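Notes for the one structure printed next.
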Amino acid sequence: MTAEKIDGKAFAEVVRQQVTEHVTKLKADHGLTPGLAVVLVGEDPASEVYVRNKGRQTVEAGMQSFEHKLPADTPQSDLLAVVERLNTDPSVHGILVQLPLPDHIDEALVINAIAPEKDVDGFHISNVGLLGTGQKSMVPCTPLGCLMLLRDRLGSLSGKSAVVVGRSNIVGKPMANLLLRDSATVTIAHSRTKDIEALCRTADILVAAVGRPEMIKGDWVKPGAVVIDVGINRIDAPERGEGKTRLVGDVDYASAAEVAGAITPVPGGVGPMTIACLLANTVTACCRANGLPEPEGLTA
Ligand code: GUN
């Protein structure tokens with residue numbers, strides 16, 4: 001079997017289009033413009049690229065973008081003061097504090113200082129708890145993007161066997177909760193899991209989020225399975241010339257694509273969905289803050 005390639009880039013464009021249409025309606029019918037504030041502490045180049053892309057796509061969707069760039073040695077109390085100001089600013093509906101934060105800052109403290117209804121990352125302990133108990137919450141962007149791709153491909157996930165490889169708070173755990181909420185039978189695998197290959201081979205839905213380049217091989221994949229690769233790893237690519245690198249996922253794409261029914265590529269799979277879902281969450285937050293119906297198809 002040769003797997004169908006799931007085009008996350010095209011799907012993300014559709015989501016962004018839906019977001020843009022909803023923003024246009026919010027402006028026309030209610031005079032509301034959703035606003036997203038992104039806070040970046042320090043000069044990590046990868047984070048700066050993310051933040052720039054987020055800002056550009058926010059504006060392209062017709063929303064307001066607020067960027068707060070703070071120096072790496074910003075005291076924690078100053079960062080908390082910025083978050084507090086954004087919490088009470090009525091033009092800000094979504095707040096994202098870019099992670100990782102410098103070592104002298106307590107990440108959990110800062111995340112939990114964000115007003116839960118503005119926590120478009122879905123990392124606040126209240127949102128984690130709401131998702132874990134199957135209640136309405138803000139849902140982390142990457143797992144939400146994966147869920148949209150899975151629902152699009154499979155329709156109902158009910159009764160499917162799902163294996164999530166990786167137990168991070170950002171992807172693995174919320175992904176498992178979302179799959180469970182859609183009535184899949186879910187197992188989380190991690191570095192201590194025994195015979196992880198055999199476990200993965202039981203999965204109708206295999207989500208890889210471990211950050212280990214090309215760890216999951218074709219013979220770990222059940223024939224016909226849907227494989228979602230969340231990993232983005234930069235590896236050396238001497239075949240492209242000296243000092244060159246390339247991006248790969250956590251799945252060995254070439255061998256897995258021989259066995260799977262459908263698979264996301266890296267790049268161009270899950271990655272573009274993350275920012276699209278961030279925009280969707282910002283619109284959702286704006287609607288909730290104003291007692292308006294939520295955008296259909298853009299929430300979990
Ligand atoms: N750093 C890498 N990914 C993310 C994300 O999804 N949200 C935040 N806040 N920081 C990140």
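General remarks:
- Of all complete DSSP H helices in the chain, those with a Cα span along the helix axis of 24 Å or greater and a mean Kyte-Doolittle hydropathy of 0.0 or more are 271-289.
- For region 45-75 versus region 167-211, the gap between their alpha-carbon centres in whole angstrom: 31
- FRET efficiency estimate (nearest 0.05) - Cβ-Cβ, Leu247 to Thr2, R0 25 angstrom: 0.70
- Accessible surface for region 1-73, divided over its residues, is 56 Å² per residue with a 1.4 Å probe.
- When you restrict to C-alpha pairs under 8 Å that are six or more residues apart and normalise by the size of the chain, the relative contact order lands at 22 percent.
- Our helix-only sum for the chain, with -39,500 (n - 2.57) per DSSP H run of n ≥ 4 divided by its residues, gives a mean residue ellipticity at 222 nm of -12000 deg cm²/dmol.
- For peptides 194-206, 141-153, 76-88, sequence by mean Cβ density within 10 Å, most packed first: 141-153, 194-206, 76-88
- Extended-chain gain in nm, criterion 0.36 nm per residue less alpha-carbon gap, Glu239 and Thr193: 13.1 nm
- Around the Cα centre of region 107-193, unit charges on the Cβ atoms of Lys, Arg, Asp and Glu (plus for the first two, minus for the last two) sum to a dipole of about 320 debye.
- Put simply, the Cα atoms of the chain extend 52, 45, 34 Å along their principal axes, the longest span coming first.
- Dipole magnitude (debye, nearest 20) for the chain, charges at Cβ of Lys, Arg, Asp, Glu: 600
- Shown are Val14, Val248, whose ranking by accessible area with a 1.4 Å probe and every protein chain present, most to least, is Val14, Val248.
- Separation in nanometres of the label points that stand 7 Å from Cα toward Cβ, at Thr24 and Ala108: 4.5
- Multiplying the residue separation of Ala10 and Leu80 by 0.36 nm and removing their Cα-Cα distance gives an extension gain of 21.5 nm.
- Shape category assigned to region 136-284 from the gyration tensor of Cα positions, a/c cut at 1.5: oblate
- Inter-site label distance for Arg151 and Asn169 at 7 Å from Cα along Cβ, in nm: 2.6
- Remark: region 202-257 carries a charge dipole of roughly 100 debye about the Cα centre, counting +1 on each Lys and Arg Cβ and -1 on each Asp and Glu Cβ.
- Listed by chain and number, the lysines whose alpha-carbon sits under 23 Å from that of Lys9, ignoring those within fewer than 8 places in the same chain, are Lys54.
- Descending by average beta-carbon neighbour count within 10 Å, the peptides 113-126, 37-50 line up as 113-126, 37-50, the highest first.
- Taking 15 Å as the straight-line reach from the Cα of Lys5, the aspartates and glutamates in range (excluding those fewer than 8 positions away in the same chain) are Asp152, Asp229, Asp252, Glu258.
- Per the chain, cysteines lacking a partner by the 4.7 Å Cβ criterion: Cys146, Cys200, Cys286, Cys287
- Positive end of the dipole of region 233-292 (Cβ unit charges, origin at the Cα centre): among Ser255, Gly243, Leu292, the Cα lying farthest that way belongs to Leu292.
The values are calculated or read from the model by the stated rules, or taken from the named source; none is laboratory data. It should be emphasised that the depicted structure is a prediction, and the values quoted were computed from it without experimental measurement. Because the Cβ atoms are built from the backbone with ideal geometry, glycine has one as well, and the counts that use them run over all protein chains shown. What goes into the accessible areas is simple: the full protein's heavy atoms, side chains included, and nothing from ligands, DNA or RNA. Shrake-Rupley method; radii C 1.70, N 1.55, O 1.52, S 1.80 Å.
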